[in-house]
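Structure first, then comments.
Any read-out appearing in this document is the output of simple, stated calculations on the displayed coordinates, not a laboratory observation. Bear in mind that the values here come from a model prediction, so they are computed numbers and not experimental data. Cβ sites come from the backbone with ideal geometry, for glycine too, and all protein chains shown count toward neighbours.
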Amino acid sequence: MTAIGIDLGTNNSRIAYNTSGPNEIPSFELLLNDQTGKSTTPTLVSFTDDSILIGEEARKVYADKPENAIYGIKPMLGRRYYEIEKLFRNCPFKISYDSDGWPIVEITQNGKVEMYSPEEMMSFIFGELNNMVTSRAGKEKSCVITVPAKSTSSQRAAMKRVAEISGFNVLKVITEPVAATVYALHQVPFQNGKILVCYFGASTLDICVIEVENKKSFTVKSIAGDSSLGGSEIDRFIMEEMMDRFTEQHPDLDPSKSPRSLALLR
């Protein structure tokens, strides 16, 4: 297997690899999780009293103790707490910050409060992906990782650092709309000219203008994105609207005080 591609998303993560030969048209397949048989791994970590569950196993117990189920880890990486505070308003778990202003996640395990940095949380996800790759590719751990278009150098460095600590050899970090363009150019024919590419993820909306040359190669002419606008933000707006309507009808009840209610609304 050649180098793999990792799309580590806010809600779900995927791994793809090239199945074609050196002189063949590139063909890609998604790597399946041996335990679940699925190509997507939820970007979710759940803590029980005696274990740490990752991915699909974490999703199964999410509603049991949502205050110990951590999602949305990706937008936390390389950002200060004040930059992400609004993104995690009305979430079931507790997120605060350390003395330097970096976000930390608090969970309770066996009656003891434990604190984790976003990098530590993300290392659990990368560890799960590492296990998937090991079962299929053995020692081949070279990879390309995608990040949002407006990722800062701090965010890119944090993502790369966690991946390398987890056992991956990161060859390159590329933006998500550019990665989508590379894939599309090998799947469908394009005429020479400019194309607008939109990438709408769970935590970001990215666009880029590319100019296709010779129907296969391209140049990125412009790129932009909003790292605070994605599907999760839309979900949160809908959830908060539902909460407002509920409290209007039931003034004595406040769903924002109940982690389980917040989890069900989400």
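Using Cβ counts within 10 Å as a stand-in for footprinting exposure, how do Glu57, Glu241 rank, fewest first?
Numbers: Glu57 17, Glu241 10.
Ranking Glu57, Glu241 by Cβ neighbours within 10 Å, fewest first, gives Glu241, Glu57.
Cross-link candidates for Lys194: which lysines have Cα within less than 28 Å, leaving aside residues fewer than 8 places away along the same chain?
Excluding near neighbours in sequence, the set is Lys150, Lys172, Lys215, Lys216, Lys221.
Can you list the lysines whose alpha carbon is less than 19 Å from that of Lys38, not counting same-chain residues fewer than 8 positions off?
Lys60
From a point 7 Å beyond the Cα of Met115 in the direction of its Cβ, which residues of the range 71-98 have a backbone N at a distance under 14 Å?
So the set is 81, 94-98.
What distance in nm separates the simple spin-label points at Phe200 and Asn131, each placed 7 Å from Cα in the Cβ direction?
In this crude label model, Phe200 to Asn131 measures out at 3.4 nm.
How large is the dipole of the range 106-193 about the Cα centre if only Lys and Arg carry +1 and Asp and Glu carry -1, each at its Cβ, rounded to the nearest 20 debye? If you can, show how the numbers build up before the last one.
Details: 9 positive and 8 negative charges, 63 e Å.
Computed charge dipole of the range 106-193: roughly 300 debye.
For a footprinting-style exposure proxy, rank Ser99, Ser46, Ser142 by other Cβ within 10 Å, fewest first.
Ser99, Ser142, Ser46
Report, for the chain, the % of DSSP beta bridges that are antiparallel, rounded to 5.
Working: 40 of 49 bridges.
Percentage antiparallel, nearest 5: 80.
To the nearest 20 debye, what is the magnitude of the charge dipole of the chain about its Cα centre, counting +1 on the Cβ of each Lys and Arg and -1 on the Cβ of each Asp and Glu? Mind dumping the intermediate values first?
On the way: 29 positive and 34 negative charges, 155 e Å.
That gives a dipole near 740 debye.
In the set (i) 28.2, 88; (ii) 19.1, 60; (iii) 19.9, 68, which value of Rg and Dmax of the Cα atoms in Å was calculated from the structure you see?
Given (i) 28.2, 88; (ii) 19.1, 60; (iii) 19.9, 68, the calculated one carries the label (iii).
Which of the aspartates and glutamates could a cross-linker bridge to Lys112, judged by Cα under 19 Å and excluding same-chain residues fewer than eight apart?
In chain and number order, the partners are Asp49, Asp50, Asp64, Glu67, Asp98, Glu120.
Order of Asp100, Asp7 from fewest to most other C-beta atoms within 10 Å? Each step should come with its number before you reach the end.
Details: Asp100 7, Asp7 19.
Sorted ascending by nearby Cβ count, the order is Asp100, Asp7.
Given the Cα-Cα distance of Glu85 and Val182 and 0.36 nm per residue of separation, how much length would full extension add, in nm?
Going from the current span to full extension adds 31.6 nm.
Would you please give the residues with an amide H less than 5 Å from that of Tyr97, counting only those at least 5 places away or on a separate chain, with H modeled from the backbone geometry?
Ile104
Which net charge results for the neighbourhood of Asn68, defined as the other residues with beta-carbon distances under 14 angstrom from its beta-carbon, given Lys and Arg at +1 and Asp and Glu at -1? Before the final figure, lay out the partial values.
Numbers: positive: Arg59, Lys60, Lys65, Lys94, Lys112, Arg260; negative: Asp49, Asp50, Glu57, Asp64, Glu67, Glu106, Glu114.
With Lys, Arg at +1 and Asp, Glu at -1, the net is -1.
Place +1 on the Cβ of every Lys and Arg and -1 on the Cβ of every Asp and Glu in the range 4-176, take the dipole about the Cα centre, and give the residue among Thr36, Phe88, Gly111 whose Cα lies farthest towards its positive end.
The listed residue farthest towards the positive side: Phe88.
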